[in-house]
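Enquirer: Before I ask anything, here is the structure I am working with.
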Amino acid sequence: MYRLLAVDDEPYIVDWICEIAEVELGIELEIYRAYSVQEALNWLNRARIDIMITDIKMPDESGISLVQKVTRNWPKCKIIMLTAYAEFDYAYAAVESNVIAYILKTEDDTRILEAIRKAVRELDKELKDLHLPSNTNDTLPNYLLPIQNDIAIRILKGVITQKEEIISQLESVGIHIDAEAPFILVMSKIDGIPEKANKIARYNYRYTIKKIIEHYFTQYFHCSQIEYSDVIMVSLLQPKKGQNDEGDLSKDTSLKADEYYITYTKETLELVLQSCKENTGLDLSFIVSNTLLEVTQLRNEYQHMKKILLYCMPDGKGVIIGDTHLNEQKGISHLSLNLVQFINQYVQTHIAEDVSLIKLSEVTGYNPSYLSRLYKEVANENLSAYINRVRFDKAKNLLINSDLNLNEIAAEVGLNSRTYFNRFIKNITGMSPQEYRTHLS
């Protein structure tokens, strides 16, 4: 599922865009609102943005500046720009990268919907058409691959422990790393390889998956990959820093660099999951270290993460977790009902706050697409539908049993835009909030 962010300093514009996307688009998206550039940057720092619709002129910062930051931190993001006629040529000259449409604010709903559909088509196409190199073009000699894997696994198992020897051994088999720079450790489990697949077919599956991971990460990371077995792979992601503006991902974020690199990794792995499914038909699950690690810390973290990956991850679920979010004594498959119950309780308790899928992912430690899919499987209801039901029930109760004004009730149910609250109530009841309050009384 892709994520759309609408940005404008005029709330009614944001609410209009989100409403037509939710009601008329016919494509399931995660939809988020930002009523200022700062709100947009807050979302940008927390999660991947796939499609952004933004005004060009806003009081605190220009939409063009925002576009440059978004496409830097999430380079696959598709941009739709809202503009007045006089600004069109200026906007087109200022920002071309990733901008797929310029739309006048005077144009009708169909123009916005067409642009969003175009963005989704382009994102779908990019998942399928990666133009991966053939394994016949691989620069690593075939005889060196098992030696490379053997040395890397010995390091991860703690057979080789001294930093200098680790670096020397890795470089001897073509893995070049910076001994002083930290890593993110990612372990992946491949599910669904056909039982009848021969060694060549299995090798080709692993090769394709490795190249997909490299495709999504090499812009900002040095990526070293190790084949632990037919179905377990290890990736060492070392952030590129200090080379140039393209090599330091954390430059335009208010988060600490370590936090943002971890966020970027988890969010980008969602795209890897989708692309692997499109290109190989296989499901993957990932576990990601929750901090950047020094070379000498790899062994302990690897042993801990391997135990979780081998014994606690369900097959074919497309899970991405951080290593501290899973009780090693319980598999995720055994936690499904408990997880849904936890989400329900959290939504009920925090409905006045942020209960977005992004927030629920942060709270539970599971990737958004897994949470959304799991919730629907267990509860037989979309998570967004449940959240709206809780929101409406609380709004109805406050309209009947409180003296709060409509702005206060909107805030109590987590809708800080009055226009959004009005539309929310009217879409369900056919009446404005005040009319519905009168009707209830």
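Enquirer: Restricting to the range 368-390, give me the number of residues that are small (Gly, Ala, Ser) and either under 16 Å from the mean Cα position of the chain (by Cα) or outside the structural domain of residue 428 (by TED's automatic domain parsing) (or both).
Expert: 2
Enquirer: Then there is this: Working only within the range 48-67, note down all residues that are in a loop (DSSP other than H, G, I, E, B), within 15 Å of residue 6 (Cβ to Cβ) and modelled with pLDDT of 90 or more.
Expert: Passing the criteria: 49, 50.
Enquirer: Oh, and also: Looking only at the range 68-108, how many residues end up being acidic (Asp, Glu) and at pLDDT 80 or above?
Expert: Number satisfying all stated conditions: 2.
Enquirer: So residue 203 fits all but one of (1) within 25 Å of residue 298 (Cα to Cα); (2) out of contact with any His (no Cβ under 9 Å at 6 or more places or on another chain); (3) not aliphatic (A, V, I, L, M); what number is the exception?
Expert: Against the list (1) within 25 Å of residue 298 (Cα to Cα); (2) out of contact with any His (no Cβ under 9 Å at 6 or more places or on another chain); (3) not aliphatic (A, V, I, L, M), residue 203 comes up short only on (1).
Every residue, every condition in (1) touching a Lys or Arg at 6+ places or on another chain (Cβ under 8 Å); (2) polar (S, T, N, Q); (3) at pLDDT below 90, yes or no:
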{"site": "379", "(1), (2), (3)": "no, no, no"}
{"site": "383", "(1), (2), (3)": "yes, no, no"}
{"site": "391", "(1), (2), (3)": "no, no, no"}
{"site": "398", "(1), (2), (3)": "no, no, no"}
{"site": "417", "(1), (2), (3)": "yes, yes, yes"}
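Enquirer: Does any residue in the range 213-224 that is more than 17 Å from residue 127 (Cβ to Cβ) come within less than 6 Å, Cβ to Cβ, of a residue that is modelled with pLDDT of 90 or more and part of a helix (DSSP H, G or I) six or more places away or on a different chain, and which pairs are these?
Expert: 223/214; 223/217
Enquirer: Among the residues of the range 395-416, which ones are surrounded by fewer than 19 Cβ atoms within 10 Å (Cβ to Cβ) and either within 30 Å of the chain's Cα centre (by Cα) or β-branched (Val, Ile, Thr) (or both)?
Expert: Within the range 395-416, 400, 411, 412, 416 meet the criteria.
Enquirer: Just to be sure, is residue 337 modelled with pLDDT of 90 or more, more than 29 Å from residue 49 (Cβ to Cβ), of a type in the set (A, V, I, L, M, F, W, C) and part of a helix (DSSP H, G or I)?
Expert: no
Enquirer: Do any helices (runs of 4 or more DSSP H) entirely within the range 360-441 hold 1 or more residues that are under 30 Å from residue 308 (Cβ atoms) and touching a helix residue (DSSP H, G or I) at 6+ places or on another chain (Cβ under 7 Å), and if so, which?
Expert: Per the criteria, 368-379, 383-401.
Enquirer: Also: Residue 363 versus (1) surrounded by fewer than 17 Cβ atoms within 10 Å (Cβ to Cβ); (2) in contact with a Leu (Cβ under 6 Å, 6 or more places away or on another chain); (3) not polar (S, T, N, Q): which is the lone unmet condition?
Expert: Residue 363 satisfies all of (1) surrounded by fewer than 17 Cβ atoms within 10 Å (Cβ to Cβ); (2) in contact with a Leu (Cβ under 6 Å, 6 or more places away or on another chain); (3) not polar (S, T, N, Q) except (2).
Enquirer: Now a separate question. When you look at residue 353, is it in a helix (DSSP H, G or I), touching a residue at least 40 places away in the same chain (Cβ under 8 Å), within 22 Å of the chain's Cα centre (by Cα) and under 30 Å from residue 268 (Cα atoms), yes or no?
Expert: Criteria not met by residue 353.
The values are calculated or read from the model by the stated rules, or taken from the named source; none is laboratory data. Just so it is clear, the model here is predicted, and its values are computed rather than measured. All Cβ positions, even for glycine, are placed from backbone atoms using ideal geometry, and neighbour counts span all protein chains on display.
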